[in-house]
Amino acid sequence: VDGKNWVVRGETIFDYWESETTDQFSNKSIDFFVDETGKGFGCSINGSDVNMHTLHHNGTFETLLVETLPNNVSSDECSISISSEERIQIVYNTDDDLRLARLAEKNVLYQQRTWHLRTIVEDVFSEGLKLEIDSESKTHIFFVDVDDALRHVWFNKAFWNNSVLDSGPIGGDIEVKIDEHNWFHIVYLRESEGELALLKFNDTQEIRQV
């Protein structure tokens, strides 16, 4: 996988699992990850509410409202990521547009945690939303557009850029990882060929594998 050979061995620790049900719920999309300290962060869509969730080390579960959408606007997917400076960002769709929310923590300017909201692309989103932040704190968004193509939208700290990585048609399941050397690794399904594709690239190189 990805140019490497793997040896899989049984581990008894995998036999012990715990489960817990929280009071939080979502009737649509959920995205969740745990950082290196064991703290969890997530986003969800529940009706017209876009929420951020924090699972603290002591087990408490906190929810912060990002936005309540108007009745004539629907949202189906969200994705969350955190920069190396611990700045939280969430991207979610509003119909076929994409909106980015940046969280400003309490400081001399803000008496409470405040979301900054901005629509970044319009009339283009279909499914498969992923948000990643690289080591330079640049925001990268990947998704399947209305033409079933794999699209990349990123912010270079001055303006937004937009490109098609694969003209498709591709499936709605996308997995994205940015490594410590700012190489992008994207796995997705090319539906017309029935192939699982791996796209790797950085600022100067690109590698495609199936």
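The values are calculated or read from the model by the stated rules, or taken from the named source; none is laboratory data. In this text the structure is predicted, and so the values were computed from the model without any measurement. For neighbour counting, all protein chains shown are included, and Cβ atoms are generated from backbone atoms with ideal geometry for every residue, glycine included. When the accessible area is computed, the model is the full protein with side chains, heavy atoms only, and any ligands, DNA or RNA have been set aside. Shrake-Rupley method; radii C 1.70, N 1.55, O 1.52, S 1.80 Å.
Go through the range 120-157 and count every residue that is touching a Pro at 6+ places or on another chain (Cβ under 9 Å), of a type in the set (G, A, S) and surrounded by 21 or more Cβ atoms within 10 Å (Cβ to Cβ).
Total satisfying the criteria: 0.
Here are some residues: T68, T63, T37, T54. Which one is under 26 Å from K138 (Cα atoms), at pLDDT 90 or above and open to solvent by 40 Å² or more (accessible area, probe 1.4 Å)?
None of the other options fit; the residue is T63.
What pairs come out if I take residues in the range 179-198 that are within 18 Å of T139 (Cβ to Cβ) and pair them with residues that are among the polar types (S, T, N, Q) and in a loop (DSSP other than H, G, I, E, B) whose C-beta lies under 6 Å away, six or more apart or interchain?
So the pair list comes out as N182/S135; N182/N202; W183/N202.
What are the residues in the range 165-179 that are in a strand (DSSP E or B), farther than 13 Å from G128 by Cα, open to solvent by 50 Å² or more (accessible area, probe 1.4 Å) and out of contact with any His (no Cβ under 6 Å at 6 or more places or on another chain), if any?
Within the range 165-179, none qualify.
One line per residue, one yes/no per condition, for (1) aliphatic (A, V, I, L, M); (2) under 16 Å from I186 (Cβ atoms):
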site: E85; (1), (2): no, no
site: I88; (1), (2): yes, no
site: Y92; (1), (2): no, no
site: Q111; (1), (2): no, no
site: H116; (1), (2): no, no
site: L131; (1), (2): yes, yes
site: L150; (1), (2): yes, yes
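Answer yes or no as to whether N182 is open to solvent by less than 40 Å² (accessible area, probe 1.4 Å) and assigned to a loop (DSSP other than H, G, I, E, B).
So N182 passes the test.
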